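The values are calculated or read from the model by the stated rules, or taken from the named source; none is laboratory data. Because the structure is predicted, anything quoted here is derived from the model rather than measured. Cβ placement follows ideal geometry from the backbone for every residue including glycine, while neighbour counts extend to all protein chains displayed. These accessible areas exclude ligands, DNA and RNA; they are computed on the full protein's heavy atoms, side chains included. Shrake-Rupley method; radii C 1.70, N 1.55, O 1.52, S 1.80 Å.
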Amino acid sequence: MFTKLGIISKGSDAQLIESLILHFPLPMFYKSSDTNAFITNQAFDEVAGSHKKKILDSLSQIQVIHNTKFELKLTNDIGKEIDTVTYISEVDDGTLGVIVDISDQIKAKKSINALKERYETATKGSHEGLWEWDIKSGEVFYSNKFREIIGLIHKSAEAKIETWIGRIDPRDKASVVKKLEAYLNAQADTFLAEHRIIINGETRWMSISGKVSLDKKNRPSKLTGFISDITARKEAQLALKSSEEQFSLFMQNLPAGAFIKDEQGTFVFANDYLNRFFGKESLVNMNFTDILPSESAKSIQEKDQKTLQLGADTSEEKLKDIAGNEKYFQTHKFIINKDNKRYIGGIYSDITEQKKTQTKLNILAHYDLLTNLPNRMMFQESLKNMISKANRNKSKIALMFIDLDNFKMINDTLGHDYGDLLLQEVAARLKKILRAEDVVSRLGGDEFTVILDDVKDTAYPSIVAQKIIDTLSQPIRLKDEMGYIGASIGISIFPDDTDSMEQLIKNSDLAMYRSKNEGKNVYRYFTEDMNADASEKLELTNDLRMAIEHEQLTLYYQPIVDTKTNKLSSFEALVRWNHPKYGLVTPDNFITLAEEGGFMVKVGKFVIQKACAQIKIMQDAGLNAKVAVNISSKQLTQNHLEQTVKNIVTESGINPHLLELEVTESFLMENIEQVEKVISNLKEFGISTAIDDFGTGYSSLARLKKLSISKLKIDKSFIDDIPHDEDDMVITEMIITLAKQLNLDIVAEGVETEAQVAFLKEKGCHLMQGYLFSEAIPEKDINEFIKASV
């Protein structure tokens with residue numbers, strides 16, 4: 001259409017250039033100085049839509065002095081605002097304009113590691129800022145570059161998700177938050193948004209992205225990503241003088257490759273970008289077969305043929321420049337029909353940085369950055385592929401679940417830096433053991449998996465498992481310390497155990513827990529009885545959740561007798577579960593379920609309340625008998641235990657000296673620093689603490705002296721064989737002596753014979769409990785027992 005106005009001179013080359021204008025994707029317009037009428041190309045009409053007249057009216061008001069450049073905001077027919085830069089130049093007989101869309105974004109980059117040092121090191125020198133949001137805890141990490149990009153001058157600014165959202169321009173905030181919520185709710189495949197931020201009075205455009213990490217239950221756990229400033233765009237120089245020269249200048253300065261080829265692939269036009277890229281003065285009359293390796297040239301020829309068949313095509317191409325650097329391009333090709341001939345026109349847009357970002361995102365999404373092993377997502381993809389391969393080949397695979405023994409103690413005692421070093425060494429040792437076709441992954445924490453491919457003998461996984469156990473049992477050097485761990489391994493075979501990927505994972509997990517329960521540092525194959533055990537466990541766990549509401553939990557009270565006076569000294573409160581299907585269930589069979597199910601605190605609070613209520617009854621009746629309540633490990637490590645106990649004691653109106661807490665020795669010694677303050681504070685309040693099952697743990701005199709305890713209880717296992725087992729007699733005497741040295745009360749548990757009583761009294765232990773004196777008494781009968789005992 002421009003040639004009819006006399007803007008472009010006639011000629012074969014000019015006609016091709018005219019055709020390129022018509023097909024070029026940028027909106028263009030021409031205003032005749034004679035008629036003041038506007039002529040627009042198809043791209044302009046598509047962008048303007050029904051707003052075309054309004055836009056042209058606005059353009060007609062602009063005073064053009066040689067060359068003019070200004071920003072223009074357009075609104076298309078679906079209400080979307082498009083930010084553009086408009087270039088207008090005076091030509092001989094009118095005004096020529098080009099509209100460039102500047103709202104396109106560079107894809108956001110993103111990072112996933114929770115440790116600030118790693119993030120900063122990995123992205124040093126980058127133009128992108130990293131961020132990580134722990135969705136569960138609410139904690140957010142913003143890298144220094146992130147803060148700089150969004151204009152956070154003060155590093156002390158609080159790191160919350162609202163810190164970033166609060167700085168978003170109000171015009172964009174709702175849409176960004178909506179996109180974020182949609183992604184977290186799995187209503188969108190990606191989180192990628194553009195928004196504005198005003199920094200020092202200047203509006204800057206941001207591109208932010210994020211990729212979610214899922215927990216074991218496939219719920220969003222963390223969101224990690226990049227933010228970048230996309231305000232600066234290399235703008236095309238459109239200082240137009242005459243139509244053909246103006247357009248040529250525009251094409252030669254376009255920050256992308258532009259070309260026209262004939263059907264055989266010979267260039268009839270190429271701009272300076274492509275000429276410089278391939279190191280040629282001009283590509284005209286050349287073919288890609290002249291400058292590219294045969295395979296690359298053949299691939300491009302196939303894509304050209306596709307364009308000729310379809311009329312237009314968009315694809316990715318990888319090319320090497322004159323210096324040998326690989327670049328990735330998004331190529332848009334289209335057909336130009338001229339003089340009964342067909343030509344292929346196209347634009348090469350450099351997407352190398354975008355591809356690098358995608359590669360980095362893929363690494364972050366599929367690999368554990370600490371160990372460089374595949375993560376949970378990659379593990380699931382690998383397992384799915386290997387199962388498909390096994391189905392095709394009628395072969396077997398083995399899945400191992402590995403849980404490290406003693407890792408938590410090392411991590412808590414020496415610190416996370418040492419724990420990280422240990423995990424890295426474990427990963428290195430596992431990789432050395434396995435074949436190239438096997439896959440080892442880290443699921444998180446101290447959990448690893450191994451997939452053994454093409455297992456011909458189901459005994460083979462046991463050989464590998466034992467080798468893993470032996471290798472990981474070797475000492476691990478951790479800076480100036482030595483770490484000692486073990487490994488509990490569960491093994492399941494596909495398709496022998498199941499043909500379902502989900503069930504295979506579950507089976508391996510069950511087998512791993514069986515190995516932990518049977519002594520740790522061993523391996524176990526999955527067996528069907530594990531499913532039955534798991535089903536029963538699940539049933540009991542679900543029933544236990546409702547046991548309190550259904551009044552199925554009850555207390556039994558076992559008397560502790562002072563054999564000096566043969567009178568009642570105190571009680572130990574023992575919780576029982578009156579299950580409607582299984583009858584009376586002891587704590588050994590359900591306390592662990594309550595701890596693993598997350599409602600032990602609820603059960604423990606119920607027991608303390610019931611015990612305090614019984615103490616109140618006895619106190620009002622004039623009987624000041626102490627009642628001891630067992631406290632589980634989960635309760636003792638809860639931050640609110642101390643205040644909970646104090647509140648219950650205060651509300652029940654009892655003398656706090658009449659309540660005693662019992663804690664097992666093994667747990668107490670492993671967590672002494674954590675519980676020492678709680679026990680001390682409760683003692684100041686008047687509540688004493690006893691060590692239960694003493695002798696079965698690894699107490700030291702130094703550790704015992706640090707604790708504000710008042711009593712030791714000798715474990716029943718040492719009392720059972722007295723007076724026939726000399727070792728038990730020696731150990732019991734030593735415990736009694738230790739208690740005296742520490743000025744602690746001593747109670748013997750499980751006393752059932754007169755001979756045991758005689759031995760204990762002789763050694764100085766006079767407080768005893770056991771069937772010889774009384775079985776545990778149901779709470780409905782305890783008041784009658786007390787009346788008879790007073």
Q | Hits in region 254-267 - residues which are surrounded by fewer than 18 Cβ atoms within 10 Å (Cβ to Cβ) and either at pLDDT 85 or above or closer than 15 Å to residue 301 by Cα (or both) | A | 262, 263, 264, 265, 266
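If a residue counts only when it is at pLDDT 85 or above and within 25 Å of residue 378 (Cα to Cα), which strands (runs of 3 or more DSSP E) contained entirely in region 178-247 have at least 3 such residues? Give the derivation first.
Details: elements: 191-199, 202-214, 220-229.
Because the criterion is at least 3 residues that are at pLDDT 85 or above and within 25 Å of residue 378 (Cα to Cα), the strands (runs of 3 or more DSSP E) in region 178-247 that meet it are 202-214, 220-229.
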Q) Counting just the residues of region 770-790 that are in a loop (DSSP other than H, G, I, E, B) and out of contact with any Asp or Glu (no Cβ under 6 Å at 6 or more places or on another chain), which one comes out farthest from residue 617 (Cα to Cα)? A) 773
Q: Among the residues of region 746-769, write down those that are closer than 17 Å to residue 723 by Cα, among the aliphatic types (A, V, I, L, M), in contact (Cβ under 8 Å) with a residue 40 or more places away in the chain and not in a helix (DSSP H, G or I).
A: 768
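If you take just the strands (runs of 3 or more DSSP E) that sit entirely in region 58-163, which of them hold at least 3 residues that are open to solvent by less than 40 Å² (accessible area, probe 1.4 Å), within 21 Å of residue 190 (Cα to Cα) and at pLDDT 70 or above? Reasoning before the result, please.
Values: elements: 67-75, 81-91, 94-101, 128-134, 140-142.
Fully inside region 58-163 and qualifying: 128-134, 140-142.
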**Q.** Residues located in region 747-788, provided they are of a type in the set (Asp, Glu), out of contact with any Phe, Trp or Tyr (no Cβ under 8 Å at 6 or more places or on another chain) and surrounded by 14 or more Cβ atoms within 10 Å (Cβ to Cβ)
**A.** 749
Q: Give the number of residues within region 268-284 that are of a type in the set (S, T, N, Q) and either within 50 Å of the chain's Cα centre (by Cα) or at pLDDT below 85 (or both).
A: 2
Q: Would you be able to say whether some residue in region 292-301 is under 13 Å from residue 346 (Cα atoms) and either touching a Pro at 6+ places or on another chain (Cβ under 9 Å) or not charged (D, E, K, R) (or both)?
A: yes
Q) Can you name the number of the only condition in (1) closer than 30 Å to residue 279 by Cα; (2) touching a strand residue (DSSP E or B) at 6+ places or on another chain (Cβ under 7 Å); (3) buried (at least 19 other Cβ atoms within 10 Å of the Cβ) that residue 315 fails? A) (3)
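In region 285-309, what residues are among the aliphatic types (A, V, I, L, M) and either open to solvent by less than 30 Å² (accessible area, probe 1.4 Å) or modelled with pLDDT under 90 (or both)?
Residues satisfying the conditions are 291, 292, 297, 300, 308.
Applying the selection to region 27-50, what residues are part of a loop (DSSP other than H, G, I, E, B) and either in contact (Cβ under 8 Å) with a residue 60 or more places away in the chain or under 17 Å from residue 84 (Cβ atoms) (or both)? So that I can check it myself, show each step before the final result.
Taking region 27-50 and keeping what is part of a loop (DSSP other than H, G, I, E, B), we get 27, 33-37, 41.
Correct list: 27, 33, 34, 41.
From 398, 365, grab the single residue that is in contact with a Lys or Arg (Cβ under 8 Å, 6 or more places away or on another chain) and touching a residue at least 12 places away in the same chain (Cβ under 8 Å). So that I can check it myself, show each step before the final result.
On the way: 398 fails: in contact with a Lys or Arg (Cβ under 8 Å, 6 or more places away or on another chain).
The conditions single out 365.
Name the single residue that is surrounded by the fewest Cβ atoms within 10 Å (Cβ to Cβ) among those in region 567-589 being farther than 23 Å from residue 713 by Cα and of a type in the set (Phe, Trp, Tyr). It would help to see each step written out before you state the result.
Kept after step one, since they are farther than 23 Å from residue 713 by Cα, are these residues of region 567-589: 577-585.
Those still in the list that are of a type in the set (Phe, Trp, Tyr) too: 577, 582.
Values: 577: 23, 582: 14.
Out of the qualifying residues, it is 582.
Restricting attention to region 554-566, which residues are outside any loop (DSSP other than H, G, I, E, B) and open to solvent by 10 Å² or more (accessible area, probe 1.4 Å)?
So in region 554-566, the residues outside any loop (DSSP other than H, G, I, E, B) come out as 554-562.
Across region 554-566, the qualifying residues are 554, 556, 558, 561, 562.
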Q. Would you say residue 488 is among the hydroxyl-bearing types (Ser, Thr, Tyr) and under 30 Å from residue 750 (Cα atoms)?
A. no
(Q) If I filter region 721-731 down to residues being within 16 Å of residue 754 (Cβ to Cβ) and touching a residue at least 24 places away in the same chain (Cβ under 8 Å), which single residue comes out as least open to solvent (accessible area, probe 1.4 Å)? (A) 722
Q: State whether one or more residues within region 439-455 are out of contact with any Ser or Thr (no Cβ under 8 Å at 6 or more places or on another chain), surrounded by fewer than 18 Cβ atoms within 10 Å (Cβ to Cβ), within 22 Å of residue 394 (Cα to Cα) and among the acidic types (Asp, Glu).
A: no
Q | Per-region count, region 254-312, residues part of a loop (DSSP other than H, G, I, E, B), in contact with a Ser or Thr (Cβ under 8 Å, 6 or more places away or on another chain) and over 16 Å from residue 327 (Cα atoms) | A | 3
